[in-house]
Each structure stands twice: as C-alpha cells, then as structure tokens.
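Take a look at the structure set out below.
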Number of protein chains: 2
Amino acid sequence: MTIIYFTPGPSQLFPTAQKHIQQALKDDICSLSHRSNSFKVIYKEAVRGIRKLLTIPDTHEIAFLSSSLEAMERIIENMVINKSFHVIDGAFSQKWYDMTLSLGKKSLSTTLELSKPVNSLTIPKHTELICITHNETSTGIMIPLSEIYRVKKRNPSIPIALDVVSSAPYAAIDFKYIDIAFFSVQKGLGLPAGLSILIVNKRLTQKSVGSYHAFKELFKKSVDNQTPETPNVLDIYLVAQVTKDMLKKRIQAIRLETEEKADMLYNFFETCNIGRPFITDKKYRSSTTIVIDVNNKSEQIAGLLKKKRMIVGRGYGEYKNTHIRIANFPQHSMKMMKDLISAFRALK
Amino acid sequence: MTIIYFTPGPSQLFPTAQKHIQQALKDDICSLSHRSNSFKVIYKEAVRGIRKLLTIPDTHEIAFLSSSLEAMERIIENMVINKSFHVIDGAFSQKWYDMTLSLGKKSLSTTLELSKPVNSLTIPKHTELICITHNETSTGIMIPLSEIYRVKKRNPSIPIALDVVSSAPYAAIDFKYIDIAFFSVQKGLGLPAGLSILIVNKRLTQKSVGSYHAFKELFKKSVDNQTPETPNVLDIYLVAQVTKDMLKKRIQAIRLETEEKADMLYNFFETCNIGRPFITDKKYRSSTTIVIDVNNKSEQIAGLLKKKRMIVGRGYGEYKNTHIRIANFPQHSMKMMKDLISAFRALK
C-alpha cells in the first residue's frame, strides 16, 4: 500500500510527476547541455506554463533560483539598501526578517495582529520594500490578498514582495499590486525539491547587487531561456510538464477543489475531539496549510496515522508537540482527504 | 540505440544512476521532509561517500550548495574582505575572478603561462585567498596538483581554494595543502545537475558573511546532517548511492582507467588528421576534459557524430567553432571511448 504524504513540503508528488520523470530518463533530459537549444525549449515551456497557470502579465518576468531561502536573500540584496519592512505572522516571515539583519540591513518588522487588517499598518518612513508572507507554513495563517492589495494602494511607490511559497498556485495573485513573488516547486507543484520560481516586475529586473544571481544577470539569461549557472534541469523540465497537466485540469477547478477540501477538513476539526483549528478567525485560515492544535498529542497522532501509511506534518518549532500540519495542495485529491479524515475518526 | 553524451557537463549519467532514481521513486525519497530522521540518514551517507571517495581528512567539513557558481560566490563572500588572487587558465577561472569584482573586491589575477610552473608565481601582498582552477573545462588545461601544493608550501599562511568542478573525483587531492575545494555532481559523478559539493577546512567554517549560506550557518546545519534550505534531496540521495558504487569499483581503478582512456584519445588525435590536442604541453593536458583543435570544423564534426548518436561538446566561447571537447568521466567506459574513436576514424 502506498504512503500518502500530507507534509507541508516536501510533500506528496503530483500524480503525473513519476510518469514525467520516467519520460525525462528516456529522453536523456539530465544529460542535455544547459546551453543547448533543446534546453532552451524546455526552459521556455516551463516559463510559459508558470505564466499561464498564475496569469502573470507581461509586466513581470520569471526566473529560477534554487530555493525559497535563496529567493528571500536575492530579493533583499537587490531591492534593499537600508531597510525593508516585514509583517511577521510566523517562523518563516521571521526568518526573512532576521535574514535582512544578517545582511547588514536596518529593517523593521511588526507582528501581525489578526484583529486588525494588515492594510491598517503604518509603513515606516524610508521603507524600500514591504515583505509579506501570504501563507505562513508554520502557523497556518493566510492573509487575504485583498488586504495586501490595499497595502499597495495606500503605498503605491513602495514595492511589495510576497512570499507565496506554500500558497501558489492556489493564490490567484493580481500582479497589478504585487511587484515580486516567489515559491518553491516541492509544495503546490508537487515536484522534487531543489528549485524555486521568482517573479519580478520588469521595472526592477535591472537591479544589480551580487554576482551571478544579481537580478540583472539572472534576467538577462532568463530572456534567452537560460540560467547563469548549471541549473536543476530535471526540475525545470518537470515544471514544464506539470503546469501543462494543471492547465488541462484548469486552475479554477484546482482552486475551487482546494477550498472544498479545506472546508471539509476545518469542518471536521471544528466538531471532533482530536483537536481544534489553531487559527480561530476564519478570515485568516489557510486553505493550503491546515494547522490543528491537538493538545500536545502531535507525536502520538502522527505516529498512529503513520501506521495507516499517512504522513502528516508535526508543529513547527515551538509548536512541534502541540500542532499537526496538513498540506492541502493540488496533488492531494478529495479522496485522499476523505481517507485522512476517516483515519482521524478511527483514532478516537 | 542509446545516445552517449561526451559533453563536459551535464554529461552521460553514471551507469547506475537510472536504477537509483527508480529506487528513489519507489521509496518516496522526493516526499521526505528535509527535517526528518530519514533525510538525515541519507545526508550522512552522502557526506560519508564523498569523504571516502576523495579521502577527505577530519580536518575538513563537507556541505552542499546548489551550483559551482554558488560555491565560487560563497567562498569569496566568506573568505575575502579586500582581495583574492586568481590564476587564470580559461573562461571559468576568469568568471570566478570577474565575480569578485562584481562583489566589490579589489582582487588581482594573472594569466597562467604554461612555460612557467604555477608555483613560480609571486603572490601579491595582502592576498587573502588564492583561487586556482585545477581543470579548466573551457580549454582542457589541468594544472599538476604537485605545483599547486608548492604554491601552498611557499605561502603557508594564505588559504587556497581549488575549483575541481570537472576533475573530481579523478583528482587525488592532498587536503593538507588545499583549504577549500568544490565541484558539481553533473560532471564526474554522472548525476542530474542542481547540486554542488563544498569542502572547507574546519578552521574556516566559522566565517559568517551572508545569510543562510554564510559558512557558519551552512556548517552548523551540516554537522546536524541537514541544510539551511530545502535542498535537492533527490541529488543528495543519488550522491550517497553513486559514491558507494564508485567505492565498490575502487577509486584507484577509476583513476587509472581515466588515464588510460585519456592516453588513448590523445594518442589517437596526435596521429589522425581530424585535429590536434589544443594543449601541446603534455604536462598540462587534462585527463578529464580532452580539447581538440579541429580547424574550424567543430560544427560539422559534432553534427556527423550526432548522427551516430554520440554527442561531443563544441568549443567554449571564442573557441566554439575551432574546438571539440570530450568529457572523460568515470561514467564514460573504455568501450564508449573506443566506439567514439572508431566514429572519428570513420569521419575521414
């Protein structure tokens, strides 16, 4: 019996991923030169797939990096001379903020209060970049995009960088309000880890701090369907294939199904006695990362589910023992979620 | 009929690579959390494999980055405040030097003259790091390791960083004289691209410039068999497996075979009328990257060989039309090389 991974990333592979890896092996994708025309065709298809899937307008360019931590670093290096401003809603937004201090910036941050909409925040003077984590994989908070757009409407001259690491491709981002966004392939695309996708408004792609991954270098190569370094060619090929599969299924259908599965899970945990959704304010509940407070029983519950060949994530950091985290990505089918709920029910 | 890739990287996969990828898919390696114990076991095996294969002593630590360009950048960031000194023997050593200028350093460089041994070079005052490219993938120059050790003997207080991107694991490095070394898995390990290996003397692993890949952060995680970011888990798994296979075959045997194949190729081109080895001084001829000057016929020759399902590299940069480059890595068997020579012979 196969194991199903509900971990928030790396996670279950997209159902077609294995088939595409087999085809890649047959077609010697891993032996192709990253300067060959065959590679450029693959690169172009991958970028086209991401652009279509996320409806990214021509105002924005797309490039590949190796991880979301790299994306965070390159964004700060290229966009911030003195200070960025960070909205903290969990461990990953905190990590992004801490990274700016390591890089010698004098950035500022504020902790998100769920009682106040994020757009009511006062942005400090001389902020060069506003950094927001759309979906906090650590806590299961998802900030409504409409609130983030309002931050931009109130501060039209300050670029906004949005971490959609665990919300893409579910998040239907309106890039009119978002200057930079990034995510990794091992979450909502259901692919092997080792690649992240960076989306940057063309106005900003000429920034040039750093070396081979300074925006200018990165996007100069990207326009020619290449990367400055020898990249994770296999993953770029898989992005090209899996985005096609998702587009065939229609992204609207994937998004709707994500919400149906999330509702089903939250409804179950509202009424069962195993635990309660950690985020009580429904407005801020993540559709892709369902975090459940299980009264310090996360080890026991994860262990029992593992025996049924279902792997859930435990809490992040300080919440390790108190939380269970369930990824609800496109690769997690309605049937898988129903089976997971049945397994939870049988725990009682 | 299968295609054989003699390109200098990405190249032919190691013969067991496909089998290991199949096993990885069966064992859900791509769905494992990079914070799980299962991952730590894989990480440990990969590091142990590299350590044994390259006889890396306990004085040095091993970590993973995403590409050799990243390795070059992190080394300069962490090791150089003002200036490094670079020995230029082709396009990749030039790229490393140029990178230091992009990073705001006042580094110096000298072009290697094959008539003078590298150890006769005068190292400029206040040099913080000596950077040498052991094997220039662009020109097919391999500097004898003994000459590089002599540089260290004459300058014992200055750390040496050695690019062994296309010479590992053939290069039998004596780490007594080398402080830092790095290479990528898509060359001499015959694995899919998207991972590089960084070896650093323990004295230097506490350097802390940058953010998540500052040496201190990187090696703090490495000691715990993890990476700061979500890494290319599949490739780390494959490193663990392929190094085992190479150790079974014995590294001494692999090195000897590499030299036999190289001798056979050079001998052939010494006497045929298709072209001549670009590097005439045998002392500096690469064993792993055989570069042949084919009198501006590289496009024609590569095209004819492609029809026989053999892919060779064309010249690098300015040499695109004049050179053919043939990778001679552990995954290229004696039989493959004999077949390649037969194919060259039939071109006449």
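For region A:164-193, enumerate the residues that are in contact with a helix residue (DSSP H, G or I) (Cβ under 7 Å, 6 or more places away or on another chain), of a type outside the set (Ser, Thr, Tyr) and under 16 Å from A:ILE141 (Cα atoms). Answer for region A:164-193, where residues must be in contact with a helix residue (DSSP H, G or I) (Cβ under 7 Å, 6 or more places away or on another chain), of a type outside the set (Ser, Thr, Tyr) and under 16 Å from A:ILE141 (Cα atoms): A:VAL165, A:ALA171.
Taking the listed residues B:SER208, B:SER286, B:SER298, the one that is more than 19 Å from A:SER66 (Cβ to Cβ), small (Gly, Ala, Ser) and open to solvent by 40 Å² or more (accessible area, probe 1.4 Å) is B:SER208, with no other qualifying.
For region B:265-283, give me each residue that is open to solvent by 100 Å² or more (accessible area, probe 1.4 Å), of a type in the set (Ser, Thr, Tyr) and under 27 Å from B:ILE148 (Cβ atoms).
Here is the first cut: in region B:265-283, the residues open to solvent by 100 Å² or more (accessible area, probe 1.4 Å) are B:271, B:273, B:276, B:280, B:282-283.
Retained after the next criterion (residues that are of a type in the set (Ser, Thr, Tyr)): B:271, B:280.
Scanning region B:265-283 gives a single hit, B:THR280.
Conditions (1) surrounded by fewer than 24 Cβ atoms within 10 Å (Cβ to Cβ); (2) farther than 22 Å from B:PRO231 by Cβ; (3) of a type in the set (Lys, Arg), marked per residue:
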{"site": "A:ALA161", "(1), (2), (3)": "no, yes, no"}
{"site": "A:VAL165", "(1), (2), (3)": "no, no, no"}
{"site": "A:ALA168", "(1), (2), (3)": "no, no, no"}
{"site": "A:LEU195", "(1), (2), (3)": "no, no, no"}
{"site": "A:LYS202", "(1), (2), (3)": "yes, yes, yes"}
{"site": "A:GLU217", "(1), (2), (3)": "yes, yes, no"}
{"site": "A:LYS244", "(1), (2), (3)": "yes, yes, yes"}
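The set of residues in region A:49-71 being at the interface with another protein chain (Cβ under 10 Å from one of its Cβ atoms) and in a loop (DSSP other than H, G, I, E, B) consists of A:SER66, A:SER67.
In region A:172-194, the residues that are away from chain B (no Cβ under 13 Å) form Cβ pairs under 6 Å with partners that are assigned to a strand (DSSP E or B) and buried (at least 24 other Cβ atoms within 10 Å of the Cβ), at six or more places apart or across chains, as follows: A:ILE178/A:LEU162; A:ILE180/A:ALA161; A:ILE180/A:VAL200; A:ALA181/A:LEU162; A:ALA181/A:ILE199.
Every residue, every condition in (1) in contact with a His (Cβ under 9 Å, 6 or more places away or on another chain); (2) surrounded by fewer than 17 Cβ atoms within 10 Å (Cβ to Cβ); (3) in a strand (DSSP E or B), yes or no:
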| site | (1), (2), (3) |
| --- | --- |
| B:THR2 | no, yes, no |
| B:PRO15 | no, yes, no |
| B:SER38 | no, yes, no |
| B:LYS44 | no, yes, no |
| B:VAL47 | no, no, no |
| B:GLU77 | yes, no, no |
| B:LEU101 | no, yes, no |
| B:THR110 | yes, yes, yes |
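Taken as a whole, the condition of being more than 19 Å from the chain's Cα centre (by Cα) and at negative phi does not apply to B:GLN252. Just one of the listed residues (A:SER31, A:SER36) is in contact with a Leu (Cβ under 9 Å, 6 or more places away or on another chain), free of Cβ contacts under 8 Å to residues at least 60 places away in the same chain and assigned by TED's automatic domain parsing to the domain that holds A:ASN201, namely A:SER31. Hey, does region B:170-179 have a residue that's closer than 23 Å to B:GLY9 by Cβ and out of contact with any strand residue (DSSP E or B) (no Cβ under 8 Å at 6 or more places or on another chain)? Yes, because at least one residue in region B:170-179 is closer than 23 Å to B:GLY9 by Cβ and out of contact with any strand residue (DSSP E or B) (no Cβ under 8 Å at 6 or more places or on another chain). Is one or more of the residues making up region A:119-131 surrounded by fewer than 21 Cβ atoms within 10 Å (Cβ to Cβ), assigned to a helix (DSSP H, G or I), in the same structural domain as A:PRO228 (by TED's automatic domain parsing) and modelled with pLDDT under 95? Yes, there is a match, as at least one residue in region A:119-131 is surrounded by fewer than 21 Cβ atoms within 10 Å (Cβ to Cβ), assigned to a helix (DSSP H, G or I), in the same structural domain as A:PRO228 (by TED's automatic domain parsing) and modelled with pLDDT under 95.
Go through region A:26-36 residue by residue and tally those that are touching a Phe, Trp or Tyr at 6+ places or on another chain (Cβ under 8 Å) and either in a helix (DSSP H, G or I) or open to solvent by 60 Å² or more (accessible area, probe 1.4 Å) (or both). Give the steps one after another, and end with the answer.
Going through region A:26-36, the residues touching a Phe, Trp or Tyr at 6+ places or on another chain (Cβ under 8 Å) turn out to be A:28-29, A:31-33.
After this cut, where a residue has to be either in a helix (DSSP H, G or I) or open to solvent by 60 Å² or more (accessible area, probe 1.4 Å) (or both) as well, the list is A:29, A:31.
Here the count works out to 2.
For beta carbons closer than 6 Å, sequence separation of 6+ or different chains, a first residue in region B:87-99 that is outside the structural domain of B:GLU147 (by TED's automatic domain parsing) and a second that is open to solvent by less than 20 Å² (accessible area, probe 1.4 Å) and among the β-branched types (Val, Ile, Thr), there are no qualifying pairs. Can you find a residue in region A:304-312 that is surrounded by 14 or more Cβ atoms within 10 Å (Cβ to Cβ), within 14 Å of another protein chain (Cβ to nearest Cβ) and charged (D, E, K, R)? The answer is no, given that none of the residues of region A:304-312 is surrounded by 14 or more Cβ atoms within 10 Å (Cβ to Cβ), within 14 Å of another protein chain (Cβ to nearest Cβ) and charged (D, E, K, R). Scanning region B:318-326 for residues that are modelled with pLDDT of 95 or more, under 18 Å from the mean Cα position of the chain (by Cα), hydroxyl-bearing (Ser, Thr, Tyr) and crowded, with 19+ Cβ neighbours inside 10 Å turns up nothing. Checked against the criterion of being in a helix (DSSP H, G or I), open to solvent by less than 10 Å² (accessible area, probe 1.4 Å), away from chain A (no Cβ under 13 Å) and over 26 Å from A:GLY190 (Cα atoms), the candidates B:ALA240, B:ALA262, B:ALA253 yield just one match: B:ALA262. Residue under question is B:LEU114, and the condition is that it be open to solvent by 10 Å² or more (accessible area, probe 1.4 Å), assigned to a loop (DSSP other than H, G, I, E, B), in contact with an Asp or Glu (Cβ under 6 Å, 6 or more places away or on another chain) and in the same structural domain as B:THR230 (by TED's automatic domain parsing); does it hold? Taking the combined requirement at face value, the residue satisfies it. Taking region B:279-301 as the range and being within 25 Å of the chain's Cα centre (by Cα), free of Cβ contacts under 8 Å to residues at least 40 places away in the same chain and assigned to a helix (DSSP H, G or I) as the test, the residues that pass are B:LYS282, B:SER298. For region A:204-217, filtered to residues that are charged (D, E, K, R) and free of Cβ contacts under 8 Å to residues at least 60 places away in the same chain, the residue that is nearest to the other protein chains (Cβ to nearest Cβ) is A:GLU217.
The values are calculated or read from the model by the stated rules, or taken from the named source; none is laboratory data. As the structure is a computational prediction, the values presented were derived from the model and not from experiment. Glycine also receives a Cβ, built like all others from the backbone with ideal geometry; neighbour counts cover every protein chain displayed. Just so you know, the surface numbers come from the protein's heavy atoms only, side chains and all, with ligands and any DNA or RNA stripped out. Shrake-Rupley method; radii C 1.70, N 1.55, O 1.52, S 1.80 Å.
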